[in-house]
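Asks: Quick one: this structure, given as structure tokens, is what I'll be asking you about.
The values are calculated or read from the model by the stated rules, or taken from the named source; none is laboratory data. The shown structure was predicted, so the numbers you read here are calculated from the model rather than taken from an experiment. Glycine also receives a Cβ, built like all others from the backbone with ideal geometry; neighbour counts cover every protein chain displayed.
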2 protein chains.
Amino acid sequence: MATTTCPHHHEVNCGQCRMNTLCLPIALQIEEVDQLNAIVQRGRPFQKDDHIFRTADPFKSVYVVRSGSVKTYAINDSGIEQVTGFYFPGEIFGIDGIAHPHYISSAIALETSAICEIPFSRLEELSVSLPSLQRHFFRVMSREITNDQQLISLLSKNSADERIATLLLSISVRNARRDLSGTRFRLPMSRADIGNYLGLTVETVSRVFSRFQRQRLLNVDKREIELLDVPNLQVLANI
Amino acid sequence: MATTTCPHHHEVNCGQCRMNTLCLPIALQIEEVDQLNAIVQRGRPFQKDDHIFRTADPFKSVYVVRSGSVKTYAINDSGIEQVTGFYFPGEIFGIDGIAHPHYISSAIALETSAICEIPFSRLEELSVSLPSLQRHFFRVMSREITNDQQLISLLSKNSADERIATLLLSISVRNARRDLSGTRFRLPMSRADIGNYLGLTVETVSRVFSRFQRQRLLNVDKREIELLDVPNLQVLANI
DNA sequence: CGACGCGTTGAATGTTGTCAAACCGAGTGG
DNA sequence: CCACTCGGTTTGACAACATTCAACGCGTCG
């Protein structure tokens, strides 16, 4: 009965997906999970740099990362890219398109990734008969707002050091939630992506990493990170 | 039949409210407006510095500004206030609380203001029978996310000049939407609020205003603003 | 009147950005 | 196999923009 569990295998249903405690409302009954499962579309894995959707695409679905990682970004009025989020397994993205006929951001795989697609019109229909699902999606959207507001505060009030410490700890806890190491991990995104997301230049990001290493807060080797002094990183991140 | 229309009068129903094209979904039928109207609660106007809700309060309702203006703010992990938004007549606030048992931000009147309160549980019930209302609220939440992401981009990528030009133009168009002057208006918020919102110090905000005046982009007298050169302000704001 | 809140202005400081150069590892083609 | 390029990263020197600290102006209110 032990199925081979390739991390990017795309035929896993919601009931057996290891991520389901993250992306599904806890309250859902087994038959309700089946109903949701029936509308979820699972395609072939996306390769690094493949787009899941683009700004101009008609809004159709929201997405959940099952394996790998995704970055979303928007092009602002001056034509400059703004990275708006990094998404790891169990996390939902594409929600920001709901108010518009088209997606307002683009989503791109940072590495080979398996992605679940949830057609939004089907989800709306299903929500009517499953109040707990509707409530769950309100909460997911609301959480997205909360996250954005925390990022706003981070950008508005914190130094480069504090921003980077905060991001590293955020990735750390999100790893831990998936039963991975919270202290050793590989960053799927480039320095440029980090800088773009945090409102810093690549050079500043690089310098802060180097300084953190000199201060024995962490070890860094390209994208491999080992957090050495979480308590002091938390002080920096104001946690 | 001409009723006295005190701007803060609180017995106006949704059907006759001048703001309803802003806060209601266009598609709503007359009898549907009545249904919504029945659940909207209108209290006595809030005075300047009165709280509409506070961070610790249990989440119960979302709110719409009918007259006056409101500022929302959150206290971040380090105990510092972060202004998260300014709201003018027709605009909805309090949405960010949906994912949580309590509000995650606080809302305070910047001047004497009339506020409509929409109990969220009633709204959820009503949404089930009024699909267009449900859709509308998804869109409102989504728009909130969009706004936040634009602010993120502004904070992340733009200079003090650009941030302030953007805010002024935003207030300008929101005024124009309410058939008020888009070029002459009074700011309801302090320099400190503006700086807090835009990630700048009061001194910087003040200096930018002065410089804009020297450059004949606008006239400033305390909180009275007159935009003189909208095209060049738009260039600054990358519009 | 004096205290206070709010806004403005000046001078000095500092964090971050800009520009430039070099490094490193992974591919690629000769 | 080596030289080469290329993208991503690091580091240094310098400049710029925003902050900090300080003082002052102005209106309101006790």
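Asks: Can you pull out every residue in region B:177-211 that is in contact (Cβ under 8 Å) with a residue 40 or more places away in the chain and β-branched (Val, Ile, Thr)?
Replies: Correct list: B:THR183, B:THR204, B:VAL205, B:VAL208.
Asks: Checking A:LEU228 against (1) closer than 23 Å to A:ARG66 by Cβ; (2) in contact with a strand residue (DSSP E or B) (Cβ under 9 Å, 6 or more places away or on another chain); (3) aliphatic (A, V, I, L, M); (4) surrounded by fewer than 18 Cβ atoms within 10 Å (Cβ to Cβ): exactly one of these is not met. Which one?
Replies: Every listed condition holds for A:LEU228 apart from (1).
Asks: If you don't mind, another one. Kindly indicate which of A:ARG186, A:ARG223, A:ARG211, A:ARG191 is within 16 Å of DNA strand C (Cβ to nearest atom) and either surrounded by 14 or more Cβ atoms within 10 Å (Cβ to Cβ) or aromatic (Phe, Trp, Tyr) (or both).
Replies: Residue meeting the stated conditions: A:ARG191.
Asks: Something else now. Just to verify a result, which residue in region A:191-217, among those that are more than 9 Å from DNA strand D (Cβ to nearest atom) and part of a loop (DSSP other than H, G, I, E, B), is farthest from the other protein chains (Cβ to nearest Cβ)?
Replies: Here the residue is A:ARG216.
Asks: Further question: Scanning region A:155-183 for residues that are under 18 Å from the mean Cα position of the chain (by Cα) and outside any helix (DSSP H, G or I), which turns out surrounded by the most Cβ atoms within 10 Å (Cβ to Cβ)?
Replies: Step by step, filter region A:155-183, then rank; the result is A:GLY182.
Asks: Quick check on this structure: which one of A:SER105, A:SER142, A:SER129 is more than 21 Å from the chain's Cα centre (by Cα) and not charged (D, E, K, R)?
Replies: Checking each option against the conditions leaves just A:SER129.
Asks: Then there's this: Within region A:171-190, is there a residue that is more than 12 Å from chain B (Cβ to nearest Cβ), closer than 17 Å to B:LYS157 by Cβ and not β-branched (Val, Ile, Thr)?
Replies: No: region A:171-190 contains no residue that is more than 12 Å from chain B (Cβ to nearest Cβ), closer than 17 Å to B:LYS157 by Cβ and not β-branched (Val, Ile, Thr).
Asks: Of B:ASN147, B:ASN238, B:ASN158, B:ASN175, which residue is at pLDDT below 95, within 16 Å of DNA strand D (Cβ to nearest atom) and under 25 Å from B:THR84 (Cβ atoms)?
Replies: On inspection, the qualifying residue turns out to be B:ASN238.
Asks: Please work out if A:ASP34 is acidic (Asp, Glu) and under 30 Å from B:ASN158 (Cβ atoms).
Replies: When the stated conditions are applied, A:ASP34 does not pass them.
Asks: Identify the single condition in (1) touching a residue at least 24 places away in the same chain (Cβ under 8 Å); (2) within 15 Å of DNA strand D (Cβ to nearest atom) that A:ALA165 does not satisfy, given that it satisfies every other one.
Replies: For A:ALA165, the exception is condition (2).
Asks: Looking at region A:109-143 only, could you name the residues that are modelled with pLDDT of 90 or more and crowded, with 20+ Cβ neighbours inside 10 Å?
Replies: Across region A:109-143, the qualifying residues are A:ALA109, A:LEU110, A:SER113, A:ALA114, A:ILE115, A:CYS116.
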